[in-house]
Amino acid sequence: MTKIVLLNARLFAVAADLTGASNKIELTAEIEDKETTNYYSNGYKEVIGGLGSAEIAAEGQWEAGDATLVDNASWSQLGGVGPWTVCPDGAAVADRAYLTQCLRSEYGLGGSIGDVAPWTGKGASSWPLVRGQMAHPAGTARTSTGVGTAVQLGAVPAGKRLYAALHVLSVAGTTPSITARIESDNAVGFPSATTQLTFTAATAAGAEALRTSGSAITDDWFRVAWTISGTTPSFLFATSFGIR
């Protein structure tokens, strides 16, 4: 990706797509530096890495009225933990994405007379921040069982994990249900797909994040697949994944 102007950054906070109500998104990550200076340090401080943390801060125009809007979503999630995904430029398959599990730690609203009513919010990480890619775009409705486009994330070394987030943004139909999973293979055509992660069946808007155990995965191609049931079901969902 070359240099970009932030015109189309995307923010998925649990089951809400807050892109249309956001005009600022900031993502920060840090590792504590712990001093280990000793008499063999030759007059220079020595440090090692301590605990890591990340934070997602956003702000924009306040809206309320249903569960998809920022006020409803923020109040219902305040103090709760769920997956957040940030995309610097759109959210098409294979676009850069950053994902983590966040505690919805802050929410503020209100401003001065004459302002477009603002909101601010923060999410504090409870999982590592993962630099990955989008696996499924939010704007494509799915009405039947299928598979997504393959993305070459690379193999997962031993001690690293595959992380994935599913944001189910809207659901329609009679008794609709979707079970999404992350599959891998060693070829783009997926001749022998292996399921690495399976999300809980979703019948309403919601979100879930999963990660593998830390065992090596030699496959380097990954995709999201889904099984849909119900009468005239329709789902809008976004999926992100990455290795850390």
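The values are calculated or read from the model by the stated rules, or taken from the named source; none is laboratory data. Being a predicted model, the structure only gives us computed values, none of them experimental. We place every Cβ from the backbone using ideal geometry, glycine too, and count neighbours over all the protein chains shown. Heavy atoms of the whole protein, side chains included, go into the accessibility calculation; ligands, DNA and RNA do not. Shrake-Rupley method; radii C 1.70, N 1.55, O 1.52, S 1.80 Å.
Compute for the chain: radius of gyration divided by Kirkwood radius, i.e. Rg/Rh, restricted to C-alpha atoms, rounded to two decimals.
On the way: Rg = 19.7 Å, Rh = 19.2 Å.
The Rg/Rh ratio comes out at 1.03.
Heavy-atom accessible area of E63 with all protein chains present, probe 1.4 Å, nearest 10 Å²?
Solvent-accessible area, nearest 10 Å²: 80 Å².
Using R₀ = 22 Å, calculate the FRET efficiency as 1/(1 + (r/R₀)^6) where r is the Cβ-Cβ separation of R131 and A92; round to 0.05. Numbers along the way, then the final one.
Details: r = 17 Å, r/R0 = 0.76.
Given R0 = 22 Å and the Cβ-Cβ separation, E is 0.85.
Tell me, how many Å apart are the Cα centres for segment 44-59 and for segment 176-244?
31
With a 1.4 Å probe and every protein chain kept in, tell me what percent of the accessible surface of segment 17-151 is carbon plus sulfur. Provide the component values of the computation, followed by the final result.
On the way: 3810 of 7410 Å².
On segment 17-151, the fraction of accessible area on carbon and sulfur atoms equals 51 percent.
Considering Cα pairs under 8 angstrom that are at least six residues apart, work out the relative contact order of segment 1-112 and quote it in whole percent. Spell out each step's value before the answer.
Numbers: 180 pairs, mean separation 31.7, N = 112.
Relative contact order here is 28 percent.
How many Å² of accessible area per residue for segment 85-244, probe 1.4 Å? Could you put the intermediate results ahead of the total?
Numbers: 6730 Å² over 160 residues.
Averaged over the residues of segment 85-244, the accessible area is 42 Å².
Over segment 201-244, with every protein chain in place, what whole percent of the accessible area is carbon and sulfur at 1.4 Å, could you tell me? Present the calculation step by step, with values, prior to reporting the outcome.
Numbers: 870 of 1730 Å².
Its accessible area is 50 percent carbon and sulfur atoms.
Considering Cα pairs under 8 angstrom that are at least six residues apart, work out the relative contact order of segment 123-212 and quote it in whole percent.
29 percent.
Lysine pairs, Cα distance under 28 Å, 8 or more residues apart or cross-chain: how many in the chain? Each step should come with its number before you reach the end.
On the way: K3/K24; K3/K122; K24/K122; K34/K45; K34/K122; K34/K160; K122/K160.
Count of close lysine pairs: 7.
Stretch S105-K45 to full length: gain in nm at 0.36 nm per residue minus the Cα-Cα span? All intermediate terms of the calculation are to be shown ahead of the outcome.
On the way: separation 60, 0.36 × 60 = 21.60 nm, distance 3.43 nm.
Working it through step by step, the gained length comes to 18.2 nm.
As an exercise, find the ratio Rg/Rh for segment 162-223 from alpha-carbon atoms, using the Kirkwood inverse-distance average for Rh. Write down the numbers at each step before the final one.
On the way: Rg = 13.5 Å, Rh = 13.0 Å.
Using Cα coordinates only, the ratio equals 1.04.
Answer rounded, prolate or oblate for segment 92-176, using the Cα gyration tensor with square roots of eigenvalues a ≥ b ≥ c: rounded when a/c is under 1.5, else prolate when a/b is larger than b/c, else oblate. Walk me through the numbers on the way to the answer.
Values: a/c = 2.38, a/b = 1.36, b/c = 1.74.
In terms of gyration-tensor shape, oblate.
Of the listed peptides 109-122, 213-226, what is their order by residue-averaged count of other C-beta atoms within 10 Å, with the highest listed first? Write out the running numbers ahead of the final one.
Details: 109-122: 12.9, 213-226: 17.5.
For the peptides 109-122, 213-226, the packing ranking is 213-226, 109-122.
What distance in nm lies between label points placed 7 Å from Cα along the C-beta direction at S76 and K34?
4.0
First obtain the Kirkwood hydrodynamic radius of segment 24-72 from its Cα pairs, then insert it into the Stokes-Einstein equation at 25 °C and 0.890 mPa s, and state the resulting D in µm² per second as a whole number. Intermediate values should be presented prior to the final figure.
Numbers: Rh = 14.6 Å.
It comes out at roughly 168 µm²/s.
Please compute, over every Cα-Cα pair in segment 1-48, the percentage with a separation greater than 13 angstrom. Kindly include the intermediate steps, with their values, before the conclusion.
Working: 824 of 1128 pairs.
Cα-Cα pairs of segment 1-48 separated by over 13 Å account for 73 percent.
Among 49-56, 124-131, how do they line up from the highest to the lowest mean number of other beta-carbon atoms within 10 Å?
Working: 49-56: 15.4, 124-131: 18.4.
Those peptides, ordered most packed to least, come out 124-131, 49-56.
For the chain, modelled as a GNM with alpha-carbon contacts under 10 angstrom, which of T145, T200, T37 fluctuates the most?
Largest GNM mean-square fluctuation: T37.
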